[in-house]
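> Once you've had a glance at the structure underneath, I'll fire off some questions.
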Amino acid sequence: MPDIVDPPAADPKSAKDKKNLTHPRDPAREVIETVVFVVVLVLLLKLFVTEAFVIPTGSMAETLYGYHQFITCPKCGLMFPVNSHDEAEGNQQTGRKMPLYGYCCPNCRYQGHTSEIHPKPSNTSGDRVLVLKPLYHLREPKRGEVVVFKWPEKPQDKLVAQNYIKRAMGFGGETIGVYRGELFVTRSLAYPVDALDSSGQPLYPRPDDPLDLWRPRYMYSNVWDSNPLADHLFELSRETGFSKNSNGGFQIVRKGEEQVLADRRIVWDNDHQSDDYVKMAQSAGVKDAKGNPRVWWTRWYDPGDSGGNWTTNDAAKPTVFRHEKPDLHWLRYRHLSMKWKTLGVTREDDLPETTAAELANQQPAYIDNFLGYNAGRELDPATGHIVTHDQSGYDKLWVGDLILECKATFEAGSKVTMELSRGVNRFQARFEPGKVTLRRIGAGEKEFGEPSRSCKVGPGSHVLRFGNVDCRLWVWVDGRRVDFGDEGDYTAPTPDEEAAIKDALGQPDINPEGWTRTNDVLAPASIGAEGVVGIQNIKLHRDVYYTRNNPSADQTKADIFYVQPGHYLCLGDNSAQSSDSRKWGLVPERLMLGRAVFIFFPVLPENRLGFIK
């Protein structure tokens, strides 16, 4: 057998020299290649995958913030944002930068001067968000998703993209109605080209250029023109309570759970009460029938004639309530929507705070859609005048969609009932060991029934949340939703049911906006207890209220908008001060940029980091 001869070992030194000779190392070239690769990768990501956008304005507040400052109310201690766009960017009409001068707390409604508290500005801009771009190549947005698009009127201005951010709330082929703060939709309407108005002009025209379909003229809106088809169908739908069985009629647009929670706006946080308010009220010297001082100025109170059904940690400023009797007794909320003072041109022009005597005569009001973000007052340096932004009436409309939350401590066998009023009805969620039951009291009581679901309520402390939003009842226990499915849905009261409601004197008790004094003024929210129960950390929120183009218009009517195929109706969460599809038209699909998915800056002073709901 021949010998096996191993090959000669390679010389490491000569091999290395050969490699270096064949592939010379150039550090400068490697750096350039790395930079080019990173730049190309970033451009590809920006073009096809994701891009960062900055929110400039407050049309999506308080879901997303534009330029703003955080105010901590010196009276009640609540921290809230206030629009400061004109201070950072300048007024859109005059171009002048106008510093934030005053504010109004959304909780206690105290009006103050920013110079007294030195608010913390929000870094240098509004929220920064990441936008997912391929969404529209894969699927159209879902209703309620936050989208970014180019403004159809002027996609660019001086080579700067005019990017807007809103929620997609209407889709091609839908007719949308805005009524009493809610959205309603139908797909059953078609608009004939040959229909003429009384002057012989087309009722539902088409543009010569299909790219103009986004314009308001082609939304067939009764805001600007006439839409007898939609107006008639809306009235027929209203007569059925917008029932699912209305044969193609309008039905209410119901939000998902995430959007319901994201759209909450504070009405009253009972853990933030003003000491000054209490001192002023006490000095009024109001007495009860027995001559004892009467606590009448607190938002949450015991309505019993003799009192004594509840004990509190502080009669003048109660935050913790305790009930020990076997029968059902209530705590009621009253909306004392008083403004402390009005800011003038100078401090000397400020109107004085409300006196104790005036407080004694104060009456509760309905809950409105006031938003502290919009209530900033600015100083125009050119004129020396105070400029206000909440005088249009858009923030003084009744809101019936409420969310009530509290921490309840149960002892064995005790029960808690949370109640929310809306118009001619009251709605209840009754929590007892192992289950929660929903009930409707009022004009539609027989329709609703009493559906029940199991839940983990027993001896101990639980955070309870009860919401009445979009004609649907929502229940959460310790942050987890108790799902009632369709059994939590109800039809809106019909005009006949509303007309039949009388007050204690037998007089009609319904306002054109839909509220009643008996329910929405005297008892908009309540908490009842049977047995030994402790209640604390009470918070009352309202839902987003979609305003009509004219807040003083007939509130029994609806604003109607048709969404052309291939277009979207996009609305801002800050409906009272949002320039959106109600004002300037639809958004063509070709101008959609993507879906806003994540807030990545700023983080403080409020934790804004997270996914957009």
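> Name the residues in the range 360-412 that are closer than 17 Å to SER526 by Cα and not aliphatic (A, V, I, L, M), would you? Step through it out loud before you land on a result.
We begin by selecting, within the range 360-412, every residue closer than 17 Å to SER526 by Cα; these are 364-367, 399-409.
The answer is PRO364, TYR366, GLY400, ASP401, GLU405, CYS406, LYS407, THR409.
> Those residues that are part of a strand (DSSP E or B) and out of contact with any Leu (no Cβ under 8 Å at 6 or more places or on another chain), I need them from the range 554-569; list them, please.
Scanning the range 554-569 gives ASP559, ILE560.
> Please go through the range 552-603 and give me each residue that is among the β-branched types (Val, Ile, Thr) and more than 18 Å from ASP263 (Cα to Cα), ordered by number.
Correct list: THR556, ILE560, VAL563, VAL587, VAL603.
> Can you name the residue in the range 557-613 that is of a type in the set (Val, Ile, Thr) and more than 27 Å from ARG139 (Cβ to Cβ) and is also modelled with the lowest pLDDT among such residues?
Selected residue: VAL603.
> If you don't mind, another one. Select from the range 401-418 the residues that are more than 21 Å from the chain's Cα centre (by Cα) and among the charged types (D, E, K, R) and list them in ascending order.
LYS407, GLU411, LYS415
> Could you list all residues from the range 291-339 that are hydrophobic (A, V, I, L, M, F, W, C), at pLDDT 75 or above and more than 32 Å from the chain's Cα centre (by Cα)?
Correct list: TRP310, ALA315, LEU328.
> Can you pull out every residue in the range 558-613 that is under 30 Å from PHE70 (Cα atoms) and of a type in the set (D, E, K, R)?
The answer is ASP573, ASP580, ARG582, LYS583, ARG595, GLU606, ARG608, LYS613.
> Restricting to the range 452-483, give me the number of residues that are within 30 Å of PHE242 (Cα to Cα), basic (Lys, Arg) and over 22 Å from the mean Cα position of the chain (by Cα).
So the answer is 1.
> Next question. For the range 99-119, check the following and say yes or no: at least one residue is without any contact (Cβ under 8 Å) to a residue 24 or more places away in the chain and either out of contact with any strand residue (DSSP E or B) (no Cβ under 9 Å at 6 or more places or on another chain) or not in a loop (DSSP other than H, G, I, E, B) (or both).
Yes, the range 99-119 has at least one match.
> Among the residues that make up the range 496-510, is at least one of them touching a strand residue (DSSP E or B) at 6+ places or on another chain (Cβ under 9 Å), more than 30 Å from LYS557 (Cβ to Cβ), surrounded by 18 or more Cβ atoms within 10 Å (Cβ to Cβ) and not charged (D, E, K, R)?
No.
> May I pose another question? Consider VAL260 carefully, then state whether it is among the aliphatic types (A, V, I, L, M), surrounded by 19 or more Cβ atoms within 10 Å (Cβ to Cβ) and either at negative phi or not in a loop (DSSP other than H, G, I, E, B) (or both). Break it down into steps so the answer makes sense when it comes.
Working: among the aliphatic types (A, V, I, L, M): yes; surrounded by 19 or more Cβ atoms within 10 Å (Cβ to Cβ): yes; either at negative phi or not in a loop (DSSP other than H, G, I, E, B) (or both): yes.
For VAL260, the condition - among the aliphatic types (A, V, I, L, M), surrounded by 19 or more Cβ atoms within 10 Å (Cβ to Cβ) and either at negative phi or not in a loop (DSSP other than H, G, I, E, B) (or both) - is met.
> Cβ-Cβ below 7 Å, separation at least six or inter-chain, first residue in the range 83-95 and touching a residue at least 24 places away in the same chain (Cβ under 8 Å), second in a loop (DSSP other than H, G, I, E, B) and among the charged types (D, E, K, R): which pairs?
Listed by first residue and then by second, the contacts come to ASP86/LYS97; GLU87/LYS97.
> Determine which single condition ALA553 fails, assuming it passes every other condition in (1) closer than 28 Å to GLY372 by Cβ; (2) in the same structural domain as LYS325 (by TED's automatic domain parsing).
(2)
> So ILE441 ticks every box in (1) free of Cβ contacts under 8 Å to residues at least 24 places away in the same chain; (2) surrounded by 17 or more Cβ atoms within 10 Å (Cβ to Cβ) but one. Which box is left unticked?
That leaves (2) as the condition not met.
> While we're here: Can you name the strands (runs of 3 or more DSSP E) wholly within the range 433-540 that have at least 3 residues being touching a Gly at 6+ places or on another chain (Cβ under 7 Å) and in the same structural domain as PHE410 (by TED's automatic domain parsing)?
Working: elements: 435-442, 452-454, 460-469, 472-477, 480-482, 525-530.
In the range 433-540, the matching strands (runs of 3 or more DSSP E) lie at 472-477.
> Scan the range 222-236 for residues that are of a type in the set (A, V, I, L, M) and loosely packed, with under 15 Cβ neighbours inside 10 Å and report the count.
Here the count works out to 1.
> Tell me, which strands (runs of 3 or more DSSP E) lie completely within the range 378-422 with 3 or more residues that are crowded, with 18+ Cβ neighbours inside 10 Å?
The strands (runs of 3 or more DSSP E) meeting that bar are 402-410, 415-422.
> Conditions: (1) buried (at least 18 other Cβ atoms within 10 Å of the Cβ); (2) at pLDDT below 95; (3) closer than 18 Å to GLY460 by Cβ. GLY434 meets all but one. Number of the miss?
Answer for GLY434: the failing condition is (1).
> Which residue, of GLY534, GLY488, is in contact with a Ser or Thr (Cβ under 6 Å, 6 or more places away or on another chain), in contact (Cβ under 8 Å) with a residue 24 or more places away in the chain and surrounded by fewer than 23 Cβ atoms within 10 Å (Cβ to Cβ)?
Residue meeting the stated conditions: GLY534.
> If I ask for residues that are among the hydrophobic types (A, V, I, L, M, F, W, C) and farther than 30 Å from ILE55 by Cα, which ones from the range 163-203 would you list?
Once the filter is applied, which keeps residues that are among the hydrophobic types (A, V, I, L, M, F, W, C) and farther than 30 Å from ILE55 by Cα, the range 163-203 yields LEU189, ALA190, VAL193, ALA195, LEU196, LEU203.
> Please determine whether any residue of the range 127-143 is out of contact with any strand residue (DSSP E or B) (no Cβ under 8 Å at 6 or more places or on another chain), farther than 24 Å from ALA262 by Cα and modelled with pLDDT under 90.
Within the range 127-143 (the criterion being out of contact with any strand residue (DSSP E or B) (no Cβ under 8 Å at 6 or more places or on another chain), farther than 24 Å from ALA262 by Cα and modelled with pLDDT under 90), the answer is yes, since at least one residue qualifies.
The values are calculated or read from the model by the stated rules, or taken from the named source; none is laboratory data. What you are looking at is a predicted structure, and each value in this text was computed from that prediction instead of being measured. Cβ: placed from backbone, ideal geometry, glycine included. Neighbour counts: every protein chain shown.
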